[in-house]
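Please read the structure below before turning to the comments.
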Amino acid sequence: MSGLFFSIIIPVFNSQKYLKKCLSSVIDQKFDSYEILLIDDHSSDNSKRICKDFLIKNKNIIRFISNQKNLGVGKSRNLGLRISKGKYIIFLDSDDYLMDKSLINLKKNIERNNFPDVVINHISQNRNPKNNNFFFKNFPKSKIKKNNFLKIITKNKLLINECWRLTISKKLINEKNIRFESIQIAEDASFIFKVLIKMSNIIINKNK
């Protein structure tokens with residue numbers, strides 16, 4: 001699996017209702033340089049069976065970890081980070097999914113902007129706000145240096161609370177030793193804070 005562009009880390013816990021749609025949305029991407037790291041966090045429903053079914057059919061793409069006890073989403077993501085082989089990390093929750101052509105468009109954007117440390121992606125969701133256009137309107141399309149980005153989000157009181165909004169360079173994560181804390185609340189927020197403080201630059205990906 002050398003030379004992979006993306007590692008997509010998906011922690012799973014009792015999410016049988018959404019998991020098939022999530023995994024299918026990744027498998028169906030017209031893209032061939034990625035891996036899926038599935039970490040089942042000791043689910044008690046049918047999630048583990050669903051993971052294994054997808055693994056059987058997609059052994060060249062999927063790697064599966066089954067936690068022997070419930071570790072929490074932060075530690076599960078850290079397990080994925082430890083074994084990931086992609087140049088960039090994507091976090092995906094098991095009740096979320098990728099839109100069509102997400103990966104190919106994201107890769108083009110990263111290459112066009114000379115491999116930034118971090119990307120903030122366009123998202124849609126079934127709650128308000130429906131997307132993050134309100135966030136994007138404050139930024140240019142080009143690469144933004146860290147200090148300028150932090151000034152903008154501070155001035156406009158903008159928050160980034162979910163790690164699945166970001167695509168992050170594995171090099172940055174490794175060199176700065178960025179990991180999730182062993183906490184049950186706001187583990188995303190502390191991780192994102194470390195990413196934004198330790199990055200050098202960031203780009204806005206306005207592709208859906």
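The values are calculated or read from the model by the stated rules, or taken from the named source; none is laboratory data. None of the values given here were measured: they were computed from a predicted structure. Every residue, glycine among them, receives a Cβ derived from its backbone with ideal geometry; neighbour counts consider all protein chains shown. The protein model used for the area step is the full one, side chains on, heavy atoms only, and it has no ligands, DNA or RNA in it. Shrake-Rupley method; radii C 1.70, N 1.55, O 1.52, S 1.80 Å.
Any chance segment 181-188 includes a residue that's over 20 Å from Lys208 (Cβ atoms) and either modelled with pLDDT of 95 or more or assigned to a helix (DSSP H, G or I) (or both)?
Checked segment 181-188: at least one residue is over 20 Å from Lys208 (Cβ atoms) and either modelled with pLDDT of 95 or more or assigned to a helix (DSSP H, G or I) (or both).
What number of residues within segment 79-97 are more than 20 Å from Ile173 (Cα to Cα), buried (at least 16 other Cβ atoms within 10 Å of the Cβ) and among the charged types (D, E, K, R)?
Here the count works out to 1.
Out of segment 1-42, which residues are over 14 Å from the mean Cα position of the chain (by Cα), surrounded by 16 or more Cβ atoms within 10 Å (Cβ to Cβ) and acidic (Asp, Glu)?
Residues satisfying the conditions are Asp40, Asp41.
Filtering segment 139-164 down to residues that are touching a strand residue (DSSP E or B) at 6+ places or on another chain (Cβ under 6 Å) and more than 15 Å from Asn78 (Cα to Cα), which residue is modelled with the lowest pLDDT? Before the answer, list the steps.
From segment 139-164, those touching a strand residue (DSSP E or B) at 6+ places or on another chain (Cβ under 6 Å) are 139, 143-145, 149, 163-164; that's our starting set.
From what's left, more than 15 Å from Asn78 (Cα to Cα): 139, 143-145, 149.
On the way: Phe139: 89, Lys143: 92, Ile144: 96, Lys145: 96, Phe149: 96.
Going through the qualifying residues, I end up with Phe139.
Would you list the strands (runs of 3 or more DSSP E) that sit entirely within segment 1-95 and hold 1 or more residues that are touching a Gly at 6+ places or on another chain (Cβ under 9 Å), closer than 26 Å to Leu106 by Cβ and hydroxyl-bearing (Ser, Thr, Tyr)? Give the derivation first.
On the way: elements: 6-12, 34-40, 62-66, 88-91.
By residue number, 6-12, 34-40.
May I ask you to verify whether Asn138 is closer than 21 Å to Ser102 by Cβ and not in a helix (DSSP H, G or I)?
Considered against the rule, which asks whether it is closer than 21 Å to Ser102 by Cβ and not in a helix (DSSP H, G or I), Asn138 comes out as no.
Any residue at all in segment 175-196 that's of a type in the set (D, E, K, R), more than 29 Å from Gly3 (Cβ to Cβ), open to solvent by 20 Å² or more (accessible area, probe 1.4 Å) and touching a Ser or Thr at 6+ places or on another chain (Cβ under 6 Å)?
The answer is yes, given that some residue of segment 175-196 is of a type in the set (D, E, K, R), more than 29 Å from Gly3 (Cβ to Cβ), open to solvent by 20 Å² or more (accessible area, probe 1.4 Å) and touching a Ser or Thr at 6+ places or on another chain (Cβ under 6 Å).
Among the residues of segment 113-128, is any open to solvent by 40 Å² or more (accessible area, probe 1.4 Å) and in a strand (DSSP E or B)?
Yes: segment 113-128 contains one or more residues that are open to solvent by 40 Å² or more (accessible area, probe 1.4 Å) and in a strand (DSSP E or B).
List every residue pair whose Cβ atoms sit under 7 Å apart, with the two residues 6 or more apart in sequence or on different chains, where the first one lies in segment 176-205 and is touching a residue at least 60 places away in the same chain (Cβ under 8 Å) and the second, anywhere, is loosely packed, with under 15 Cβ neighbours inside 10 Å and among the basic types (Lys, Arg).
Asn201/Lys145; Ile204/Lys141
Contact list please: Cβ distance under 6 Å, first residue in segment 98-124 and farther than 16 Å from Phe136 by Cα, second residue open to solvent by 50 Å² or more (accessible area, probe 1.4 Å), pairs at least six apart or on different chains.
Met99/Lys208; Asn105/Asn207; Asn113/Lys143; Pro116/Lys143; Asp117/Ser200
If you check Arg49 against the conditions, is it modelled with pLDDT of 95 or more, surrounded by 17 or more Cβ atoms within 10 Å (Cβ to Cβ), among the basic types (Lys, Arg) and touching a helix residue (DSSP H, G or I) at 6+ places or on another chain (Cβ under 9 Å)?
It is false that Arg49 is modelled with pLDDT of 95 or more, surrounded by 17 or more Cβ atoms within 10 Å (Cβ to Cβ), among the basic types (Lys, Arg) and touching a helix residue (DSSP H, G or I) at 6+ places or on another chain (Cβ under 9 Å).
Filter segment 162-208 down to residues that are closer than 18 Å to Arg82 by Cα and of a type in the set (S, T, N, Q), then give me how many there are.
5
Step by step: first the residues of segment 98-108, then only those that are under 16 Å from the mean Cα position of the chain (by Cα) and in a helix (DSSP H, G or I), then the one that is surrounded by the fewest Cβ atoms within 10 Å (Cβ to Cβ). Which residue is that?
Residue satisfying both the conditions and the ranking: Ile104.
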